[in-house]
1. Spot the failing condition for residue 195; the list is (1) in contact (Cβ under 8 Å) with a residue 12 or more places away in the chain; (2) at negative phi; (3) assigned to a loop (DSSP other than H, G, I, E, B); (4) surrounded by 12 or more Cβ atoms within 10 Å (Cβ to Cβ), and only one is missed.
2. Could you say which residue among 52, 112 is of a type in the set (D, E, K, R), more than 27 Å from residue 193 (Cβ to Cβ) and under 21 Å from the mean Cα position of the chain (by Cα)?
3. Could you tell me whether residue 21 is basic (Lys, Arg), surrounded by fewer than 12 Cβ atoms within 10 Å (Cβ to Cβ) and modelled with pLDDT of 90 or more?
4. Between a residue in the stretch 114-143 that is of a type in the set (Asp, Glu) and any residue that is part of a helix (DSSP H, G or I) and surrounded by 16 or more Cβ atoms within 10 Å (Cβ to Cβ), which pairs come within a Cβ distance under 8 Å, given they are 6 or more apart or on different chains?
5. Checking the condition surrounded by fewer than 13 Cβ atoms within 10 Å (Cβ to Cβ) and outside any loop (DSSP other than H, G, I, E, B), which residue from 82, 48 passes?
6. Considering only residues that are out of contact with any Cys (no Cβ under 8 Å at 6 or more places or on another chain) and within 18 Å of residue 86 (Cα to Cα), which ones fall in the stretch 149-160?
7. Tell me, which residue of the stretch 106-127 that is of a type outside the set (A, V, I, L, M, F, W, C) and in a helix (DSSP H, G or I) is nearest to residue 56 (Cα to Cα)?
8. Considering only the stretch 105-122, I want to know if a residue exists there that is closer than 24 Å to residue 151 by Cβ, at pLDDT below 95 and touching a Leu at 6+ places or on another chain (Cβ under 9 Å).
Amino acid sequence: MSTFRETRIIRWLDQMWQVLKKPSAKYSLLALLGAGFAAGIVFWGGFNTGLEATNRLNFCISCHEMRDNVYPEYKKTIHYQNPVGVRAICSDCHVPHEWIPKMRRKMRASLEVFAKITGKVDTREKFQNHRLEMAEDEWARMKANKSQECKNCHSYPAMTTSTQTPDAASHHLQAMKTDEACIDCHKGIAHMLPKGYVDPSLSED
């Protein structure tokens with residue numbers, strides 16, 4: 001019985017091979033599939049190369065809105081220069097590493113280009129006028145994903161709270177219990193807080 005099944009399987013495989021080798025108008029189906037596979041690899045490689053190019057610091061500050069406003073602030077922070085020589089660039093904080101969230105963020109960023117095209121933030125004055133709005137939008141995004149970009153480098157379990165100040169250790173231990181979003185407490189850590197921002201904890205009665 002098993003020999004009969006093996007014979008049928010071999011015959012089926014042979015038939016499939018013949019179909020693949022069968023010529024179309026000019027080329028065999030196998031050749032077309034091979035060419036399609038190769039083209040897919042080239043396209044995918046080119047797509048990812050282009051995508052990663054948009055994650056580079058030089059790309060992020062290629063427009064004057066970023067170069068003249070938030071970039072100088074970022075250069076004064078520990079994320080830019082520190083004793084251990086680890087630099088977190090724009091994409092490390094603002095672009096998720098996971099594929100689907102990354103694609104969502106890139107599509108959203110392409111819509112943000114509209115603000116540049118229309119001149120909504122093309123001067124420092126306009127940028128500052130809209131800064132709180134832009135910051136709150138980004139804070140909401142980072143809160144929604146529990147500050148995943150921060151946690152790609154900083155994780156609660158890896159913290160040595162005994163070497164932190166008592167206040168910081170207390171907050172981190174409490175945040176660890178609920179996997180709190182870093183942005184809840186660390187707004188303004190890489191950029192100045194926007195004019196008009198009011199800390200909710202200070203506005204409570």
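1. (4)
2. So the residue among 52, 112 that is of a type in the set (D, E, K, R), more than 27 Å from residue 193 (Cβ to Cβ) and under 21 Å from the mean Cα position of the chain (by Cα) is 52.
3. No; evaluated as a whole, the condition is false for this residue.
4. Note: pairs meeting the criteria are 122/65; 138/94.
5. Result of the check over 82, 48: 48.
6. 152, 153, 155, 158, 159 - these are the residues of the stretch 149-160 that are out of contact with any Cys (no Cβ under 8 Å at 6 or more places or on another chain) and within 18 Å of residue 86 (Cα to Cα).
7. That would be 106.
8. Checked the stretch 105-122: at least one residue is closer than 24 Å to residue 151 by Cβ, at pLDDT below 95 and touching a Leu at 6+ places or on another chain (Cβ under 9 Å).
The values are calculated or read from the model by the stated rules, or taken from the named source; none is laboratory data. As the structure is a prediction and not an experimental result, all values here were calculated from the model. Cβ atoms come from the backbone with ideal geometry, glycine included; neighbour counts cover every protein chain shown.
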